[in-house]
Amino acid sequence: MPSEVHNRIAMLRTERGLSRKELAEAVNVNFQTIGYLERGDFNASLELALKLSDFFEVPVDFLFSLTPFPTLAELARQEKKNP
């Protein structure tokens with residue numbers, strides 16, 4: 001049974017003001033691949049995960065996870081409890 005892989009690609013891409021096509025060109029993949037990754041329809045190869053991690057300048061485990069990432073609301077509640 002395959003595991004679902006969660007990612008923050010859309011969030012980081014949007015934060016940088018990039019289109020899917022621009023990101024795809026930067027990591028040398030088809031722009032549709034970025035959409036498939038963002039929707040969870042496709043899991044990145046190790047090579048692509050490393051390219052994306054390098055492009056966004058974040059660790060791979062910040063970009064991809066086998067468990068869902070906390071929502072911004074959850075992070076805000078945690079911060080409020082533990083300033």
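What follows is calculated from the coordinates using simple rules that are stated; it is not laboratory data. Computed from a predicted model, the values in this text were never measured in an experiment. Methodologically, a virtual Cβ is constructed for each residue, glycine included, from the backbone with ideal geometry; neighbour enumeration extends over all protein chains shown.
Can you name every residue in the range 48-83 that is touching a helix residue (DSSP H, G or I) at 6+ places or on another chain (Cβ under 7 Å), without any contact (Cβ under 8 Å) to a residue 40 or more places away in the chain and hydrophobic (A, V, I, L, M, F, W, C)?
48, 49, 50, 55, 60
Quick check: anything in the range 57-80 surrounded by 15 or more Cβ atoms within 10 Å (Cβ to Cβ), of a type in the set (D, E, K, R) and in a helix (DSSP H, G or I)?
No, the conditions are met nowhere in the range 57-80.
Restrict the check to the range 31-47 and report whether at least one residue is in contact with a helix residue (DSSP H, G or I) (Cβ under 7 Å, 6 or more places away or on another chain), in a loop (DSSP other than H, G, I, E, B) and not acidic (Asp, Glu).
Initially, the range 31-47 is screened for residues in contact with a helix residue (DSSP H, G or I) (Cβ under 7 Å, 6 or more places away or on another chain), giving 31, 33-35, 37-38, 42, 44.
Filter once more, keeping what is in a loop (DSSP other than H, G, I, E, B): 42, 44.
Narrowing further to those that are not acidic (Asp, Glu): 42, 44.
Yes, the range 31-47 contains a residue that is in contact with a helix residue (DSSP H, G or I) (Cβ under 7 Å, 6 or more places away or on another chain), in a loop (DSSP other than H, G, I, E, B) and not acidic (Asp, Glu).
Pick out the one residue from 37, 46, 75 that is of a type outside the set (Ser, Thr, Tyr) and under 21 Å from residue 17 (Cα atoms). Steps first, please.
Numbers: 46 fails: under 21 Å from residue 17 (Cα atoms); 75 fails: under 21 Å from residue 17 (Cα atoms).
None of the other options fit; the residue is 37.
Taking the range 3-12 only, how many residues are over 14 Å from residue 48 (Cβ atoms) and in contact with a helix residue (DSSP H, G or I) (Cβ under 8 Å, 6 or more places away or on another chain)?
To start, the set of residues in the range 3-12 that are over 14 Å from residue 48 (Cβ atoms) comprises 3-4, 6, 8, 10-12.
If we keep only those that are in contact with a helix residue (DSSP H, G or I) (Cβ under 8 Å, 6 or more places away or on another chain) too, we end up with 8, 10, 12.
Residues that pass the stated criteria total 3.
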